[in-house]
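The values are calculated or read from the model by the stated rules, or taken from the named source; none is laboratory data. Keep in mind that what you see is a predicted model, and the values were worked out from it rather than measured. Here the Cβ is made from the backbone with ideal geometry for all residues, glycine too, and neighbour counts use every protein chain on show.
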Amino acid sequence: MGDVIHALPVASAIHRAWPLTRITWILDPRWSDLLEGNPAIAKIHPFPRQDFQGLGGAIRALRWYRGLRSLDADAVVDLQCLLRSGLMAACSGSRMVVGLGDAREGAGFFYSRSVPVGKDEHAVNRYLRVLPALGIPLPETLEWAIPRGLRPADLMTKESYIVLHPFSRGEGKSLSPEAIGFFIRAFREKSAMPIVLAGAPRNLPDFGPGVMDLLGKTSLSELIGLLRGASYMVSVDSGPMHLAAALRIPLLSIHTWSDPRLVGPFSKNAHIWQGGQIFKNDLQRAPSPESAFTPADAAAIGYFAANAAMLPSSPDSLR
């Protein structure tokens, strides 16, 4: 999810510069709702990775890769920069393939032009570096074109609320049930605003009144709608955190070991927890030393979020 969100300003900039150009986005179908109604995207070409598993998966994958030539691409921009995306570029038959200089798994072998990137650059800024290679100037204002989304049917409140997104696929990023409980109790000492739990399904204890458990109960479109209505979000380093940043939702992002300069929220309307400290988001700030995330940290974030959720959001952002 985060990779798609970070790439949206590149697609918008290409569309603004070359409005007659048709952009086809090769995309895992799980994330297709992120491109719904996007004026820059003419077509989504599904990458059905689930179909390539099991008996006969390799044959189905071979057929799919061979079919990429039918897209008749004049140019390919590879922003994921992994072996599979490099293979996609090669199988398209395009003579112009632009990718990033830090490509992994040998993907750079398939590029006709490799664009240098900085070691400590955020993913959004890294992706934008392909634009000058295409002859397109960097935009002064970035466009994200996130769809409106849907209000979740299970969202049983019309009050202001905050969203807590506690789980991530990355090892060591997720919050424990104990930490979630400390956060909720601390938040409750300062605010009666409802807390909505969102993200992947997990079995958690009942945290009492005012806490709505929507874990595993929202589609991607409903997650967008949920975040659009939120007064504040607290999230571990994850795709939904990047979605909230693109929507300009005030948020706090928890980074137990990942570098906020590279994968933090691309927004000035955000704070970071790292190394036992909460600080204003700054992509130039060197990461703090790693430290364990304790119940005391969860409580401190709860107090902070209760105060921050009551403040008017700032229009300033990194865009």
Residues being over 23 Å from P265 (Cβ atoms) and among the hydroxyl-bearing types (S, T, Y) - total across segment 153-205: 1
The listed residue being modelled with pLDDT of 95 or more and more than 30 Å from A245 (Cα to Cα), out of G106, G99: G106
Test: residue in segment 15-32 that is in a helix (DSSP H, G or I), in contact with a Pro (Cβ under 7 Å, 6 or more places away or on another chain) and closer than 22 Å to G149 by Cα: yes
Candidate set: segment 224-263, residues that are part of a strand (DSSP E or B) and of a type in the set (S, T, Y); chosen: the one surrounded by the most Cβ atoms within 10 Å (Cβ to Cβ): S235
Per-region count, segment 256-278, residues under 14 Å from the mean Cα position of the chain (by Cα) and not small (G, A, S): 5
Whichever residue in segment 182-223 is aliphatic (A, V, I, L, M) and assigned to a loop (DSSP other than H, G, I, E, B) and, among such residues, is surrounded by the fewest Cβ atoms within 10 Å (Cβ to Cβ): A192
Residue in segment 48-64 that is at pLDDT 95 or above, surrounded by fewer than 16 Cβ atoms within 10 Å (Cβ to Cβ) and of a type outside the set (D, E, K, R) present: no
Count of segment 98-157 residues which are assigned to a helix (DSSP H, G or I) and either in contact with a His (Cβ under 6 Å, 6 or more places away or on another chain) or among the small types (G, A, S) (or both): 6
Residue satisfying condition, being modelled with pLDDT of 95 or more and either in contact with a Leu (Cβ under 6 Å, 6 or more places away or on another chain) or closer than 29 Å to L251 by Cα (or both), within set S92, S85, S70, S114: S92
All positions within segment 85-123 that are of a type in the set (D, E, K, R) and surrounded by 15 or more Cβ atoms within 10 Å (Cβ to Cβ): D102, E121
Residue list for segment 144-180, filter: in the same structural domain as N203 (by TED's automatic domain parsing), of a type in the set (G, A, S) and buried (at least 19 other Cβ atoms within 10 Å of the Cβ): S168, S174, A179
